[in-house]
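The values are calculated or read from the model by the stated rules, or taken from the named source; none is laboratory data. Nothing here was measured: the structure is a model prediction, and the numbers come from that model. Cβ placement follows ideal geometry from the backbone for every residue including glycine, while neighbour counts extend to all protein chains displayed.
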Amino acid sequence: MFPAMPPSPVYIASDAHLGETSPEMEVAFRNWLEHAADRAGLIFLNGDLFDFWFEWGSVIPQGHTRLLGTLARIVDAGVPVHLMGGNHDWWGGRYLTDEIGLTLHYDPVRLELAGSQVLLAHGDGLGRGDLGYKILRGVLRSRVAHRAFSWLHPDIATRIARRVSRTDGRHLTATDVERISDDTPEGEAEGGEPDPRATALERWARERLLEDDELDIVILGHSHQPARVEVAPGRFYLNSGDWLVHATYLVLRADAPPSLESWHFESE
């Protein structure tokens, strides 16, 4: 008999914030999706794919046409694409599932990926502290808030959402991204100071790994700080970083430790 082939790799990215990042970075992200689809058995987008997303029955936010077409082609080609709701795009619905073919997750999910037991979550609302945001998060995700927001005209609602969002990545060029990716250590903000949000998420991930011996990997996003930490032999906390500053992603393989990789624009 032929030896069993290892499962296909899983490619994971988060925090693209499309709609707020530069057009150059949006093109790069679509190129990465095509790259991943040629190699992966599954693609997992771990939150904040869009800087804003909400579905009004028969209306969706303007833009993202080429990105959505790329995702639909990937799914139609037989590569599953999963999307975790983040704090900017938790309100996905039937358009993304029925029209594009994505599998949506609204809460942390545990899956077997590339032979490992993996816990995936976007990361907002996890860890200690930030009680004010946690209360606001619960309100914004309630049925009452969802229905009230859906009654607003899409132009008005989108304008409000854009003002509330504090994301800013439009000024970054490919050269800036390559420089920052090379110079910024994993888990640190620019300037070398520890990022409190990244620190809190790593602590939360460590706790999950230490309390569950069957869990191999915890993967988060949200902090925009790429990280690969071996908490115990063969057991990892991973953060996929972002596509505003770092253009980083994760690859899980059955026959190798997980890797944190950077997209190099000259290879497009």
ask   = Does the range 243-255 hold any residues that are at pLDDT 95 or above and not aromatic (Phe, Trp, Tyr), and which are they?
value = Thr248, Leu250, Val251, Leu252, Arg253
key: Val245 β-branched (Val, Ile, Thr), outside any loop (DSSP other than H, G, I, E, B) and over 13 Å from the mean Cα position of the chain (by Cα)   = no
Pairs, first buried (at least 24 other Cβ atoms within 10 Å of the Cβ) and part of a loop (DSSP other than H, G, I, E, B) in the range 8-29, second aromatic (Phe, Trp, Tyr) and at pLDDT 90 or above, C-beta under 9 Å, six or more apart = Ser14/Phe44; Ser14/Trp243; Ser14/Tyr249; Asp15/Trp243; Ala16/Phe29; Ala16/Trp243; His17/Trp243
inquiry  = From the list Asp51, Asp89, exactly one residue is touching a strand residue (DSSP E or B) at 6+ places or on another chain (Cβ under 6 Å) and modelled with pLDDT under 85. Which is it?
reply    = Asp89
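Hey, among the residues in the range 92-113 that are among the hydroxyl-bearing types (Ser, Thr, Tyr) and outside any loop (DSSP other than H, G, I, E, B), which one's modelled with the lowest pLDDT?
This residue is Tyr95.
Report the residue count in the range 213-229 for those that are touching a residue at least 24 places away in the same chain (Cβ under 8 Å) and either over 13 Å from the mean Cα position of the chain (by Cα) or in a strand (DSSP E or B) (or both).
Summing the residues that are touching a residue at least 24 places away in the same chain (Cβ under 8 Å) and either over 13 Å from the mean Cα position of the chain (by Cα) or in a strand (DSSP E or B) (or both) in the range 213-229 gives 10.
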